[in-house]
Amino acid sequence: MAHLLRFLLLVMVVGIALTAFVALGWIDINFGHIQLSIPTFMYVIFIQAFVMFYFIGVARLVENVWGALNSPDNLSELFDDPPADLEPYKKKVGRYVHESQLSKRQTIPWTILMLVLGTIAFLLGGAHDTGLVRKIVHSGVAYGFIAAMLIGFVRQWYYLGKSHVLLGEMKGLFGISRDAM
């Protein structure tokens, strides 16, 4: 899943770069930047929601495993024959809980900032097109969106890799195939 999300994030950056390059007049295609911005920003909304729910889902899964590990009644969900000493499992899963929460905290604020700045830039673009605001206002917010998107992209890329490894280690800890959900 992390590899798919990384690919979709790359497509997002390429789409925003194409839209910005057309707006700046650096490249010329058959579409204006207004026509490109509509599907591109809809795609940004889609992929950012997808990434955000991935990190929320990973954190929730790890918390559920932590809860099952700390409840004697739910150990059968993790083990066919629960071991007598659960401390090594608790120590590792405790670290996984911390790492998954960290991944979530390091990526979701950038996702939200991207969505807010992108929405404002999009709306200000329409306001500029109708003559309600000056071009510099729309451009400034669009540049802010691009900066937030690039910072968020790097953070999401990094933590997608870390979460992917975390899920693999956790599945290995409990003897679950990496391909299993």
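Just to verify a result, which residue in segment 62-91, among those that are assigned to a helix (DSSP H, G or I) and in contact (Cβ under 8 Å) with a residue 60 or more places away in the chain, is least open to solvent (accessible area, probe 1.4 Å)?
Looking at the filtered set, the residue picked out is V62.
Search segment 131-161 for residues being within 13 Å of the chain's Cα centre (by Cα) and without any contact (Cβ under 8 Å) to a residue 24 or more places away in the chain, and hand back the single one that is most open to solvent (accessible area, probe 1.4 Å).
The extreme case among them is Y158.
If I filter segment 92-104 for residues that are surrounded by fewer than 16 Cβ atoms within 10 Å (Cβ to Cβ), out of contact with any strand residue (DSSP E or B) (no Cβ under 6 Å at 6 or more places or on another chain), more than 30 Å from I176 (Cα to Cα) and not basic (K, R), do I get at least one hit?
Among the residues of segment 92-104, not one is surrounded by fewer than 16 Cβ atoms within 10 Å (Cβ to Cβ), out of contact with any strand residue (DSSP E or B) (no Cβ under 6 Å at 6 or more places or on another chain), more than 30 Å from I176 (Cα to Cα) and not basic (K, R), which makes the answer no.
Give the residue, chosen from A127, A147, A121, that is in contact with a Ser or Thr (Cβ under 9 Å, 6 or more places away or on another chain) and over 30 Å from N64 (Cα atoms).
A121
When residues of segment 114-125 are filtered for being under 19 Å from V14 (Cα atoms) and buried (at least 16 other Cβ atoms within 10 Å of the Cβ), how many remain?
6
Is it true that some residue in segment 33-55 is modelled with pLDDT of 95 or more, exposed (fewer than 12 other Cβ atoms within 10 Å of the Cβ) and closer than 15 Å to L150 by Cα?
no
Quick check on my filter: what residues within segment 1-10 are assigned to a helix (DSSP H, G or I) and either among the small types (G, A, S) or open to solvent by 60 Å² or more (accessible area, probe 1.4 Å) (or both)?
Within segment 1-10, A2, H3, L4, F7, L10 meet the criteria.
Looking at (1) hydroxyl-bearing (S, T, Y); (2) over 16 Å from E169 (Cα atoms); (3) in contact (Cβ under 8 Å) with a residue 40 or more places away in the chain, which is the one condition that is false for S100?
Going through the list (1) hydroxyl-bearing (S, T, Y); (2) over 16 Å from E169 (Cα atoms); (3) in contact (Cβ under 8 Å) with a residue 40 or more places away in the chain, S100 breaks only (2).
Going through H128, H164 one at a time, which residue ends up being in contact (Cβ under 8 Å) with a residue 12 or more places away in the chain, part of a helix (DSSP H, G or I) and open to solvent by 40 Å² or more (accessible area, probe 1.4 Å)?
So the residue among H128, H164 that is in contact (Cβ under 8 Å) with a residue 12 or more places away in the chain, part of a helix (DSSP H, G or I) and open to solvent by 40 Å² or more (accessible area, probe 1.4 Å) is H164.
The values are calculated or read from the model by the stated rules, or taken from the named source; none is laboratory data. Every value quoted in this text rests on a predicted model; they were computed, and no experiment measured them. Glycine also receives a Cβ, built like all others from the backbone with ideal geometry; neighbour counts cover every protein chain displayed. Heavy atoms of the whole protein, side chains included, go into the accessibility calculation; ligands, DNA and RNA do not. Shrake-Rupley method; radii C 1.70, N 1.55, O 1.52, S 1.80 Å.
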